[in-house]
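No value in this document is a laboratory result; all are computed from the given coordinates. This is a predicted model, so every value here is computed, not measured. Cβ: placed from backbone, ideal geometry, glycine included. Neighbour counts: every protein chain shown.
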Amino acid sequence: MTTTVEGRADTELARSRQPLKHRLADRGIDWSLLLLLPAVLIIGGLFVYPFFYGLSISFEPLKGSNPLSNYTDFLSDPYLRDSIVKTLRLALPVALVSVAFAAPLAFQARRNFRGRQAITLVFMLPLTFGSILIAQGMIRVFSDGGWINLLLQMVGIPKQQLIYNYAGTFIAATMVTIPFMFLLLMGFFGGIDRSLEHAAGTLGASKAARFWRITLPLASPGMVTAFTLALVEAFAVFPSAILVGQPDNATHVLTLPIYAAASQHSDYGSAAAIAMIMTVIELIILVVLVTVRNRIYRGPATGGKG
Amino acid sequence: MISPSLSARRALPRPSLVRRLSRVTVTSVITWFAGGCFGLLAIAVLGSVAITSFATNWRAGWWPAAFTSRWYGQAWNATGISQSLLVTFQVSVAVVLIALAAGVPAGYVLARKKFPGKSAFMLVMLLPIILPTMTYAVQLAAMMYRFGLGGSLPAVILVNLVPALPLVILITVPFVEQISPEVENAAKVFGASSLRLFTRVLLPLLAPGVVAAGILCLMRVLGQFELTFFVSNARTQTLVVTIFGALSDPGGVPEPLVAAMTMFYMIIALIGLVITFRFSNPADALSRRAR
Amino acid sequence: MASRTLAQTGSGFESLQMCGVSRTYGRTRALVDLDLELTRGEFVALLGPSGCGKSTALACLAGLQPLTTGSIWRDEVRIDTVPVEKRGFGMVFQNYALFPHLTVQKNVEFGLSMRHVGRDERRRRAAAALDLVQLTDHAAKIPSQLSGGEQQRVAIARALAIDPEIVLMDEPLSNLDAALRIEMRTEIKRLYQERDLSVLYVTHDQEEALSLATRLVVLRQGALVQSGTPKDVYANPVSAYVASFMGYRNIFAGHVAARAEDGAVHVVADDLELVGRLVTGGGTDNTAQGTAVTIAIRPEDIRVAAPSAPNAIQVMVEVVEFHGRELAVRARTNRGVAIHFKTEESVVAGHPATLCVPRDRVLVFAR
């Protein structure tokens, strides 16, 4: 915008006559920001500060003077280092299976129908009760003399080792993650405008074509979000790795060395260091997945006006 | 005006059953079957705990040999469950109240206002629920101990606030966005002060969101393990921590006793679930929560 | 059997019939025993207020909703048992329902690719359809980049690209602003004439229905009330309900004062005393003195006249609106009854006037 010399001087003069309050308000700073204060204090004091506190003690090892020794000790010990791989080996399949299992179910359940509340209730049970309760119940159902194996024996299939190993933790994790995915995806599928499917139908698309060409592409950003959240949940597996897994071996996930360092060795510095490593890995995964999601179509799932 | 064929056609019956069956596809049958299996499994896993809690002992087989209810009395008196129940109640109420008091106003500001640093704030605020609690539980506990709060009830309340507050904010924001700013403008034009605007207009409109957030917070605190585990001691444990302790006790707590302990937790969680369903649709709350 | 493929059902038709169709869901009876016919080359407008069942009728026809009773026939083939994707209608939705993740080109090609049309021919036919609606330059855009009117034209192009014989339209213009609506109306009529289509068009706007249709069908609460040419329905509505829909803005409740010769009837409503034409509904001649009736008069039929004219009404002019070529006026009788009329004479608010209306334009309906 071109202004004359006088014009520019006028606006500058006008701007300097505006009180500070108005200038700040234009940029969004006014008294209402005070409403944020309690939240800021809580997050700042109970999350941000401990984060930096943890970071600082991670550089203060119990033994020796090398500030990085907490990290190097962890990364140089193959048993400890492998926990990263083991965590991924558990989390990725759990997330994939949970999304793959829940998606068709959520798709079928996206519209309201008579038993929907009841089904949602049943699916929410594992989610509500949590992994510790699930782990406890799994003992009776999945162990050697448990119901599943009794059932298999009746049908003539040999006994399966479904608990106190990788499978145990896998089952416990999926039992909690699938309902979460079901609820999330049900919301996403339901949010796709019905008239789009109708339009596709009138243009000759069979039910399958409608799903693959219309519903799925429009739901894929939601699916990536769901997968991301599933992965985060699966990464956090802890009690079930101990209770129904093989904490020394197959399910020695990243959370366990943190627990061991803090509870058994009282080495909070080392625990903080491992926690930091875990955080970094998580953030890398999140950044990757969010980038992937942004590449897929991200518009609204409606067909036009109204 | 009515053609002769019309009157004949009007008398035809409807082909009902065949038509309805043709709308069912193979994939939907498989899907529903799989869903049914999952539902059965969930009920089996959770139901087995209930059954175990009433068994004298249950070595093997489909069903326990005999039933008793003595485990419940023992659980109540000897295992510290009653103390944990009280603690859990106190912590939940405190966390929900504080999280709502801090989170709803924050959610309002985030929904309505733009300010420098907003995106950064939102990102930091979301981290506690994106990252696994284990990544910050230990540092938080260490800090609590350093300030002399280790093992105390306030410590348990404070640590549970960390994932609860972002949850409240995340749920409040879409609810606030749903209220058109014009409604607030109208109230102001007609003379409502900020306080009256809040109590007479915003709060009633936000009530379902506040209730949903409160309930979800409650469930979160109930199931929260890692955070509470590292800062609590025997007198300030919540239910899940006590149960975990019994389950991983090398001394071998009898299975039915642990099951009875768990049943206390289960009943409370069930009550919470029923309340959730009475007041809101969790699918909506969750789908609004995830971006 | 009714399960024919798309190609076969596309091979010419003479009439589309809904026979005794009812649609009930929950407690709502959306359609009640509806008989509707669309013969080849017609442009039928389904008219009625919201909730009258017109959109439901269209949805049932397209196969988007199941019928509770009745059947739908295309010539000799029963099609209500055929799934929606095999019925072969072109359909334009009220909110356009354009696929947001596909370009305009791909949107228009969609129906063709469902019919496994080869890539080159698909492109050609889609381009032709876009050309029809003059949107060729926008082919590479996605719907969110288009204005409302452009989106609506894409929706039409998408429906026409498959060369349907029958096109169903569900209030396609209701989301557009006034000027655009009038322009698109003309476009739709042009396409109908150029492409030799048969159209079933749902609307709540009587002006739209009158200007587009070759036949009007008025629905009320799921049932058919009147079917006829626009001229016919406009001039001779069969009930007060239809009249209120056809712009008969002056509706009064009154009673029969006397029966005159040649079918005319004297009616009284408040301080109005008029001679009108009885529109016979039921079989019985129910024009005994005192029968309750509804009187309907179009504003255009009322003229400013001398006090000695027959069927005169004395009024005080209340509100005058300038409508360009004429004035739209609201006046009140002594007892405060509101009369709406149009005139080219200059009348002034606050001044008295005398109005008159020809007796055959005073429609009297038994209640």
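Largest first, please: the extent of the C-alpha atoms of the range C:204-317 along each principal axis, to the nearest Å.
Computed over the range C:204-317, the largest-to-smallest principal extents equal 40, 37, 24 Å.
Assuming a ≥ b ≥ c are the square roots of the Cα gyration tensor eigenvalues, decide whether chain A counts as rounded (a/c under 1.5), prolate (otherwise, with a/b larger than b/c) or oblate.
Details: a/c = 2.58, a/b = 1.20, b/c = 2.14.
Note, shape of chain A comes out oblate.
Within the range B:177-283, list the chymotrypsin sites (Phe, Trp or Tyr not before Pro) lying in a DSSP loop whose Cβ has at most 10 other Cβ atoms in a 10 Å radius.
B:Phe190
To the nearest whole number, what is the average tally of beta carbon atoms from other chains within 10 Å of the beta carbons of peptide B:44-57? Provide the component values of the computation, followed by the final result.
Numbers: counts 8, 17, 10, 4, 9, 9, 1, 2, 4, 0, 0, 1, 0, 0.
Partner Cβ neighbours, averaged per residue: 5.
Rg and Dmax in Å for chain B, alpha carbons only: what are they?
According to the Cα coordinates of chain B, Rg and Dmax are 26.3, 94 Å.
Defining a contact as two alpha carbons under 8 Å apart and six or more residues distant in sequence, what relative contact order in percent does the range B:169-291 show?
Relative contact order here is 32 percent.
Need one number: nm distance between label points at C:Thr229 and C:Ala179, each 7 Å from Cα along Cα→Cβ, rounded to one decimal.
According to this spin-label approximation, the distance is 3.5 nm.
Can you tell me which of B:122-130, C:179-187 comes out highest on packing, and rank the rest after it, using the mean Cβ neighbours within 10 Å?
On the way: B:122-130: 17.3, C:179-187: 14.9.
Per-residue Cβ counts within 10 Å, averaged per peptide and sorted highest first, yield B:122-130, C:179-187.
Could you give each residue of the range B:87-98 its phi-based ³J(HN,Hα) in whole Hz, using Karplus coefficients 6.51, -1.76, 1.60 with θ = phi - 60°, and x for Gly or Pro?
Each residue's phi maps through the Karplus curve to give 4, 4, 4, 4, 5, 4, 4, 4, 5, 4, 5, 5 Hz.
Compute the distance in nm between two label points, each set 7 Å from the Cα along the Cα-to-Cβ direction, one at A:Ala208 and one at B:Val183.
4.7
Which FRET efficiency, nearest 0.05, do B:Ser119 and A:Leu24 yield, Cβ-Cβ r, R0 22 Å?
According to the calculation, E is roughly 0.70.
Can you give the relative contact order of chain B as a percent, counting alpha carbon pairs under 8 Å and 6+ residues apart?
Worked out over chain B, it gives 28 percent.
Could you give the DSSP H helices of chain C that reach 27 angstrom or more along their long axis (alpha carbon positions) and whose average Kyte-Doolittle hydropathy is no lower than 0.5?
Flagged H segments: there are none.
If you take each beta carbon of peptide C:70-82 and count the beta carbons of other chains within 10 angstrom, what is the mean?
2
Apply the Karplus parameterisation 6.51 cos²θ - 1.76 cosθ + 1.60, with θ equal to phi minus 60°, to every residue of the range A:168-176 and state each ³J(HN,Hα) to the nearest whole Hz, in sequence, with x for glycine and proline.
x, 5, 4, 5, 4, 5, 5, 4, 8
Per-residue HN-Hα couplings for the range A:64-71, Karplus 6.51 cos²θ - 1.76 cosθ + 1.60 at θ = phi - 60°, whole Hz, x for Gly and Pro?
Using θ = phi - 60°, the values come out as x, 10, 6, x, 8, 5, 4, 6 Hz.
How big is the convex hull of the Cα atoms of the protein assembly as shown, per residue, in Å³?
Here the figure is 277 Å³ per residue.
Using a 10 Å cut-off on Cβ to Cβ distances, tally the other chain neighbours for every residue of B:33-43 and report the average as a whole number.
Details: counts 0, 3, 12, 3, 0, 11, 8, 1, 9, 12, 4.
Shielding by partners across B:33-43 averages 6.
If you take the beta carbon distance between B:Val24 and C:Ala349 as r and set R0 to 41 Å, what does 1/(1 + (r/R0)^6) give as a FRET efficiency, to the nearest 0.05?
Once the sixth-power term is evaluated, E becomes 0.05.
For the range C:195-335, what is the charge dipole size about the Cα centre, in debye to the nearest 20, if Lys and Arg each add +1 at the Cβ and Asp and Glu each add -1 at the Cβ?
Using only the charged Cβ atoms, the result is roughly 120 debye.
Label-point separation (nm) for A:Val290 and C:Ser147, each offset 7 Å from Cα along Cα-to-Cβ?
Roughly 3.8 nm, to one decimal.
So for chain C, averaging the separation of alpha carbon pairs under 8 Å that are six or more residues apart and normalising by length, what relative contact order in percent results? Don't skip to the end; give the middle numbers.
Working: 780 pairs, mean separation 55.6, N = 367.
Once normalised by length, the contact order is 15 percent.
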